[in-house]
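What follows is calculated from the coordinates using simple rules that are stated; it is not laboratory data. Quick caveat: nothing in here was measured; it's all calculated off a predicted structure. Here the Cβ is made from the backbone with ideal geometry for all residues, glycine too, and neighbour counts use every protein chain on show.
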Amino acid sequence: MTIQEFLKYAKKNLNCFQTSELKYELKILLEDCLNMNTDALIINKDKEIDSSKLIYLLQAVKMRKQGFPLQYILGSWEFMGIKIKVGSGVLIPRDDTRVLVEDISQAMVNKRDLKIIDLCTGSGCIAFALEKALGNNAKIYAVEASEEAYKYFCENFKSLNSRVCGAKGNVFEFYSNFEDNFFDAVVSNPPYIKTSQIKNLQKEIQYEPTLALDGGEDGLYFYRNICKLWISKIKPGGYLAFEIGEGQFQEVKSIMLHSGISNIQFKKDINGIIRVVTGIKIAETPKINDL
Ligand code: GLN
């Protein structure tokens, strides 16, 4: 089968997908598998595909037809110019998360000796992107509860030659390992989907780990508990930044205000949806029992 014949076959088999999306996916799949750029694919369109590569490509079409995410088939996905290894058991880095990383990088720019922690780090995409953006000015910490996701974090840690200080741990317990007023910034893109909505998500997302999606009954479980448990770990004047789901900004703002975070700001993604909520810790941390 030639490249052109494969494309025809794949388009026919995957006609349930939107044409532009499918074109993009097939381009990425072929570029990755055949190690060719778009121009080379066009020039070599009548070239026979190597049989082992063809088996892989046909299998990829079959899996994609069942909704298995392309990112898992490829085994890696680019996030802010960093190749992040992914697979079943870890959340796929989303382009929306760029808003969160850019916001923190800007808020922390020109500061030195920073300590920043990424809670529910998953693949580590946020932590590694912050490391890249802030260089030697920051020591980045990262925590992930899921065994499977943490394996991907470790693989990424090695392949990126990273210095991020990662740990497998539950964010609802792990806070006790740090002294009060330790961090300049706490950042998280936690699970935020309402439990009842998980079954209604698109097919691709259903393949992603429930643990990384399920934000409890109202979707806000992590925001509430992270604020409650981690606030004392942020330095006075320090920063808290969350990625949120669509429409959660008022509720998350109110959770943050109640926890002693002020100067709340919203940041929108490219679709105009508020994706990030940030705030500054006021000097006095209210006692956990007062919240
Ligand atoms: N922080 C990781 C990411 O942004 C994982 C998030 C999660 O598991 N909910 O991809």
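Remarks
- Every condition in (1) farther than 25 Å from ASN271 by Cα; (2) among the aliphatic types (A, V, I, L, M); (3) crowded, with 21+ Cβ neighbours inside 10 Å; (4) within 16 Å of the ligand (Cβ to nearest atom) is met by ALA145 except one, and the failing one is (3).
- Verdict on GLY89 being touching a helix residue (DSSP H, G or I) at 6+ places or on another chain (Cβ under 8 Å), more than 10 Å from the ligand (Cβ to nearest atom), in contact (Cβ under 8 Å) with a residue 24 or more places away in the chain and over 20 Å from ASN181 (Cα atoms): yes
- Taking segment 1-78 and the helices (runs of 4 or more DSSP H) fully enclosed by it, the elements with 1 or more residues that are touching a helix residue (DSSP H, G or I) at 6+ places or on another chain (Cβ under 8 Å), closer than 30 Å to CYS154 by Cα and not hydroxyl-bearing (Ser, Thr, Tyr) are at 19-34, 51-65, 70-74.
- Among the candidates GLY89, GLY124, GLY81, residue that is among the small types (Gly, Ala, Ser), buried (at least 23 other Cβ atoms within 10 Å of the Cβ) and more than 21 Å from ALA10 (Cβ to Cβ): GLY124
- Candidates ASN136, ASN225 - the one that is under 25 Å from SER105 (Cα atoms), surrounded by fewer than 18 Cβ atoms within 10 Å (Cβ to Cβ) and within 16 Å of the ligand (Cβ to nearest atom): ASN225
- Among residues of segment 203-221 being in contact (Cβ under 8 Å) with a residue 60 or more places away in the chain and within 10 Å of the ligand (Cβ to nearest atom), the one that is surrounded by the most Cβ atoms within 10 Å (Cβ to Cβ) is ALA212.
- Leading residue by the ranking (farthest from CYS125 (Cα to Cα)) among those in segment 181-200 that are part of a loop (DSSP other than H, G, I, E, B) and within 13 Å of the ligand (Cβ to nearest atom): TYR192
- Given (1) surrounded by fewer than 18 Cβ atoms within 10 Å (Cβ to Cβ); (2) charged (D, E, K, R); (3) within 15 Å of ASP118 (Cβ to Cβ), index of the condition ASP184 fails: (1)
- Hits in segment 92-113 (condition: away from the ligand (no atom under 13 Å from the Cβ) and surrounded by fewer than 19 Cβ atoms within 10 Å (Cβ to Cβ)): GLU102, SER105, GLN106, ALA107, VAL109, ASN110, LYS111, ARG112, ASP113
- Some residue of segment 87-96 being of a type in the set (A, V, I, L, M, F, W, C) and assigned to a strand (DSSP E or B): no
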